[in-house]
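Enquirer: The following block contains the structure, expressed as structure tokens.
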């Protein structure tokens, strides 16, 4: 289904205030089912859990547990399996983790606007908040500025 | 940001009652009105946060007031798209929600930091509670990223607090 965008929709699209988001085309199509929308978030959580487990240490252990919990909650919400693992550059584990957290953030933001089930909307927002939190923790470990944007959507500089 | 009953809210409620308007239960509000009301509440909370971080002296939080102002502006754009009036900036402590006022009333760096952490938790909760009342995908995304920003503010406070 292709819907005509209302004046309000156009205004709202312009109100993103720095949010350069996927899925904001002026021609709005019927979004895919929630299971499909949540699948990239699940793939990112699984990839992050594995990475943090391999990294080890106190922070690695803590974040691995958080990501395993994310994956479990996403599966309970009906997230589909088999979405591609997000691409991340090679390099030190913290840098790879930061890139993966940014990819996870983008997946959560995309899903948050489109999922139909209220519980799935709340879940994606909570996972987004957690990914944003992890990003600050990783930046601090890397000796970088913790806050880089007022709208952590995964498109700010890591 | 739980339900607040500030002087501002009490005055608005009194004015509505005096004018003979029935104050509708949230469930019975039209969906657009509910979204607008939710956005209005969120903007007020962000304006409060900008005021608090401008007034409070807290190490390592120089960026927070500006970020909270950016949140308010982004949310205001969505509210304007609904044709609803945008609340102005917070100008004094008398209009602050209790969680916001507690930051300014705390004495000592550590106590103020702890209150700021509690305030950030209330802002996160406030965003989460209002998500079901939003309709436009981009509005949902803006509120979700504002919520994520407050999660970042919270962890920043925690990192400073733990040294």
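Enquirer: Going 7 Å from the Cα of residue B:93 toward and past its Cβ, which residues in the stretch B:107-142 have a backbone nitrogen under 13 Å from where you end up?
Expert: The answer is B:107-108.
Enquirer: On to the next question. Once you have the Cα-Cα distance between residue B:162 and residue B:54, take 0.36 nm times their residue separation minus that, and quote the gain in nm to one decimal.
Expert: The residue B:162-residue B:54 span can extend by a further 36.6 nm.
Enquirer: Rank-order B:105-112, B:137-144, A:72-79 by packing density, defined as the average count of other C-beta atoms within 10 Å over each peptide's residues, highest first.
Expert: Taking the mean over residues of other Cβ atoms within 10 Å, the ranking is B:137-144, A:72-79, B:105-112.
Enquirer: Separate question: Applying a 10 Å radius around every beta-carbon, put B:70-80, A:103-113, A:61-71 in order of their mean neighbour count, most first.
Expert: A:103-113, B:70-80, A:61-71
Enquirer: Other chains near B:131-139: what is the mean number of their Cβ atoms within 10 Å of each residue's Cβ?
Expert: The shielding value for this peptide is 6.
Enquirer: Would you tell me the mean number of C-beta atoms belonging to other protein chains that fall within 10 Å of each C-beta in A:129-141, as a whole number?
Expert: Across A:129-141, the average partner-chain Cβ count within 10 Å equals 5.
Enquirer: Sticking with this one: Going by Cα centres, the stretch A:37-68 and the stretch B:91-163 are how many Å apart?
Expert: Taking the Cα centre of the stretch B:91-163 as reference, the centre of the stretch A:37-68 is 26 Å away.
Enquirer: Follow-up question, since we're still on this one. What base-10 log of the normalised intensity I(q)/I(0) is obtained for the stretch A:34-141 from the Debye formula, alpha carbons as equal point scatterers, at q = 0.10, 0.19, 0.22, 0.23 Å⁻¹?
Expert: Listed by q, the Debye log ratios stand at -0.24, -0.86, -1.13, -1.22.
Enquirer: Using a ≥ b ≥ c from the Cα gyration tensor of the stretch B:29-161 (square roots of the eigenvalues), is it rounded, prolate or oblate, where a/c under 1.5 gives rounded and otherwise the larger of a/b and b/c decides, a/b for prolate?
Expert: prolate
Enquirer: Quick one: go through the stretch B:144-163 and flag any residue whose amide nitrogen is under 12 Å from the point 7 Å out along the Cα-to-Cβ line of residue B:110.
Expert: Residues B:161-163 fall inside that zone.
Enquirer: Arrange the following residues from fewest to most other Cβ atoms within 10 Å of their Cβ: B:124, B:160.
Expert: Listed from fewest to most nearby Cβ atoms, that is B:160, B:124.
Every number here is computed from the coordinates shown, using simple stated rules; none is lab data. What you see is a predicted model; the values in this text were computed from it and never measured. Virtual Cβ from ideal backbone geometry, glycine too; neighbours counted across all protein chains shown.
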